[in-house]
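Have a look at the structure below before the remarks.
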Amino acid sequence: MPTGLGRRASELGEREDFEESRHGRKRSVSLPAAAQAARWREAVAQEEAQASSSSVQKTPAITRVSPELLSTVFAFASRPDILSLAQVSKSFSQAALRALYDNLDLRDVDDERATQCIASLASRRHVASLIRSFACRTLPPADDTTSLATVTFAIAFNNMDQLHALTLPRFDLRLLCHTTFSLQRLTLLCKNISAQDFHALVGWLARQPALTALSLPCLVLPALPAPADACPPSAPYTPRTPDTPTHDSDASAPTSPTSSTASASTASSPFPPTLLPNLRRVHGPVALAAALAPGRPLESAKLPIQHTLYDGLRPSAIMSALASARGTLRTVTIKPVSTKIDSRTIERVVMSAGAELGDFVETLEVHWVMDDESLYKLIVSVLGRFRALRTLRLLRDSPPPFPPSPLLEFPLPPASPPLSAGARTSISSFSSAFPPRSARSAAPDTPFPRVHERAHLALWSKTCPSLRRVFFLSGAEWIVLPPSPEEGSFGLPPFEFVGYTQC
């Protein structure tokens, strides 16, 4: 070891200590292991705090599904399955009850069970508030005002505060006067109604401004009842229309007070302009539809024809009233209620509809009760009046009538001669040059549509160029396509058979 080395090192150490004490400088200590351990302890403490704030037991995923979504899914199940689902859990029970009572139809239930159900709804308000659509077949008698059944029905209807659609056999103000629901669809299946009940119905409808669909399909109403404060006319007043013959003697005769009173009562409609401001679909007597059309956004009118021209039906006056909704009316349905309605009456109704509504109606539906060819002749004569028509639907509600006499036996035409090979080649090449324009076709077991339907389409498409879809009485659905230049040069009809519909 060299001499003097230890002394030199000790002197340097003493000098550094002196400099540090003079300037007040402190030496930092680096401890990386200690700092890393401190950060680890902080992370563990945060995880423990989060674990303690959250629930110890995690909830199942099915409980996080909303009751509205569950009720929508349960609505596709059968009623026995819904009852089984209601016993699974509390959340399933609420959703199952909503799906079970959302659409309550008691028309197929016997009277005893229907009475029990109404009693249950009257005593359980929370269940009755789940009903959105209700229909029943019977109501308490109209002359029974103090029975338990009448009170029970009234309480049950009062509990249905979320009701949107209602179907009843008749209107009864005693049962509905205290209701608080806001209807969107109302259907009454009565065949007749008294003037008092009719005015009570009008007053009750004033409390339903959200109503969009009113249906009275079975009601027979030749004319609207006169207002209660008006004197009933001694004879029905008929406005002068093109359907009624004019008589010079009647025109020159002075107007009697009775006729002026009748005209005033007819002109005053029982429906105020503010009644049913959102009405879009009406299905009922022609007099009711004609009175409701002005001032309302009517989109569809279904007219049951219950009387003939000889009974006083005035098609022109009815269609003129419907023409006031030309801004929104797009669908018109004409339906004779029985075979007693003759073809002349239906022809005048359809012709008046074309003359008054042909500029804006896009869908025409005609129900027929007579032979097919009579309807097809009628369509040919009136189709040119519908200049905006796009869909023609022809329906049959009853089987066609039997012919009055047996069909005559006509001799069959002679058999056509067989085609030559050159003719077969030309036909096959021509058909292959123009394949079907769409892949839609009838199934192999579906009978091919009758040939005369294509002939009718060829004539109708020329008469009404805007026509695009036709439903025949046989159920065959056809589409009229705009012709391409190639097909137009060969004169091919631009028709496509879609299939047979189940009406």
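So the values come out like this:
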quantity	calculated
Total formal charge among the other residues, if their Cβ is under 11 angstrom from that of Phe181, Lys/Arg +1 and Asp/Glu -1	+1
Trypsin sites (Lys or Arg not before Pro) lying in DSSP loop within the stretch 265-372, provided at most 13 other Cβ fall within 10 Å	Lys340
Inter-label distance, nm, simple model (7 Å from Cα along the C-beta direction), His199/Ile62	5.9
Net charge over other residues, Cβ less than 11 angstrom from the Cβ of Leu166 (K, R count +1; D, E count -1)	+2
Nearest-10 value in Å² for the accessible area of Tyr101, using the 1.4 Å probe	40
Under 10 Å, Cβ to Cβ, from Ser215 - net charge with Lys/Arg +1 and Asp/Glu -1	+3
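The values are calculated or read from the model by the stated rules, or taken from the named source; none is laboratory data. These numbers come from a predicted model, not from an experiment. Please note: Cβ atoms are built from the backbone with ideal geometry, for glycine as well, and neighbour counts cover all protein chains shown. All accessible areas refer to the heavy atoms of the entire protein, side chains included, with ligands and DNA or RNA removed. Shrake-Rupley method; radii C 1.70, N 1.55, O 1.52, S 1.80 Å.
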